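Input: a single structure, listed below in structure tokens.
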Amino acid sequence: MAPKNVFSALLLSKDPLPLEAVRKVFEEYGIELQSAASAADLDHLVRARRFDLVLCDYDAPGAPQLACLRNDTRWRGISMVILRDLRPREIKGKRIHFTVSKPLNADVLSKGLRAAYTSMARERFASYRHVVALRPMAGTLLYRGGQRAIGQSVIANISQTGLCLSGPEPLPPGGIISVNFPLPDADRLLHVVGTIVWSDASGKAGVRFHSMTAQEQKQLKERLNAKLPWNADLLFPHD
């Protein structure tokens, strides 16, 4: 059984569901469940906080237009949709990982969660943000053909898939960051290259990694997994 409330999920349903019974199934997998009142509410909640899984009734008003189901979404969680008769043409071109059929009941839901669990857990491990205060040893920004140092920046948090830089000035979305920094609680330096996927006026910017050697990926994964606030072996005893 998974640790209690390690994961979080968001539910959108057209049909009235016995929420307490549904929550009980989720809790068996260590997933805290929250429900959204509408498609607009779900999109807002996904932007506002962390969710590992979205379970969406595709018959709900606005469900086909959900931003988190689009192929170009920046949301990295696992998406599951409830479909009548499992009609795959309805979801063609969408970022949907798993489907479950209507009518939804405890057995159907349990099977769907069991299928999604490993993917959800791996994504959670990879994208879990560790709060740090690391000063890059060297860093450059490549943008529109120009190159410059990124200045007095600090890495505010880091995951296996990216990091957040906090600096004296905003960085341009789409720019390429090349940076060397020490691994958390270690003497070894890591070199990564990533793309700025978001930036705000405070000087904070989110960087998604796209260039790292296999050895560096392994070192970063091992170092960060050792700092997880739960025991990863409970979820991946054979990983």
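The values are calculated or read from the model by the stated rules, or taken from the named source; none is laboratory data. No experiment lies behind these values; they were computed from the predicted model shown. Quick reminder, even Gly has a Cβ in these numbers, built from the backbone with ideal geometry, and neighbours come from all protein chains shown. Each accessible area value is taken on the protein alone, full model and side chains, heavy atoms only, with ligands, DNA and RNA left out. Shrake-Rupley method; radii C 1.70, N 1.55, O 1.52, S 1.80 Å.
Ordered from largest to smallest accessible area (heavy atoms of protein chains, 1.4 Å probe), the residues Ile155, Ile91 come out as Ile91, Ile155. Taking every protein chain into account, the 1.4 Å probe leaves Glu32 with about 90 Å² of accessible area, to the nearest ten. Given region 87-156 reduced to its alpha-carbon atoms as identical point scatterers, what log10 I(q)/I(0) does the Debye formula return at q = 0.20, 0.24, 0.25 Å⁻¹? The Debye formula, applied to the Cα set alone, gives -0.95, -1.12, -1.14.
Overall, the chain carries a charge dipole of about 500 debye about its Cα centre when +1 sits on the Cβ of Lys and Arg and -1 on the Cβ of Asp and Glu, all other atoms neutral.
Hey, what did the chain get for relative contact order, percent, Cα under 8 Å, at least 6 apart?
The value is 13 percent.
Using R0 = 25 Å, the C-beta based FRET efficiency linking Arg70 and Val108 works out to 0.45. Solvent-accessible surface of protein heavy atoms, probed at 1.4 angstrom with all chains present, puts Ser159, Ser211 in the order Ser211, Ser159, largest first. Taking label points 7 Å from Cα along the Cα-to-Cβ direction, Ala226 and Arg50 give a separation of 2.1 nm. Charge dipole of region 72-176 (Cα centre as origin; +1 on each Lys and Arg Cβ, -1 on each Asp and Glu Cβ, all else neutral): 300 debye, rounded to the nearest 20. Against the empirical 2.2 N^0.38 Å (N residues), the chain has a Cα radius of gyration ratio of 1.12.
Considering only Cα-Cα distances, which of the following residue pairs are longer than 32 Å: Lys92/Lys204; Lys94/Lys221; Lys24/Lys227; Lys24/Lys94; Lys111/Lys204; Lys102/Lys204? Don't jump to the answer; show the numbers that get you there.
Details: Lys92/Lys204 36 Å; Lys94/Lys221 29 Å; Lys24/Lys227 29 Å; Lys24/Lys94 29 Å; Lys111/Lys204 41 Å; Lys102/Lys204 43 Å.
Exceeds cut-off: Lys92/Lys204; Lys111/Lys204; Lys102/Lys204.
Rounded to the nearest 20, the Cβ-based charge dipole of region 30-86 about its Cα centre (Lys and Arg +1, Asp and Glu -1) stands at 300 debye.
With a simple spin-label model that places each label point 7 Å from the Cα along the Cα-to-Cβ direction, the separation between Ala37 and Arg144 comes to 4.3 nm. Positive-end ranking of Ala37, Pro173, Ser13 along the dipole of the chain, with charges on Cβ about the Cα centre, is headed by Pro173. For region 21-143, the residue among Leu83, Tyr128, Ala106 whose Cα projects farthest onto the positive side of the dipole built from Cβ charges is Tyr128.
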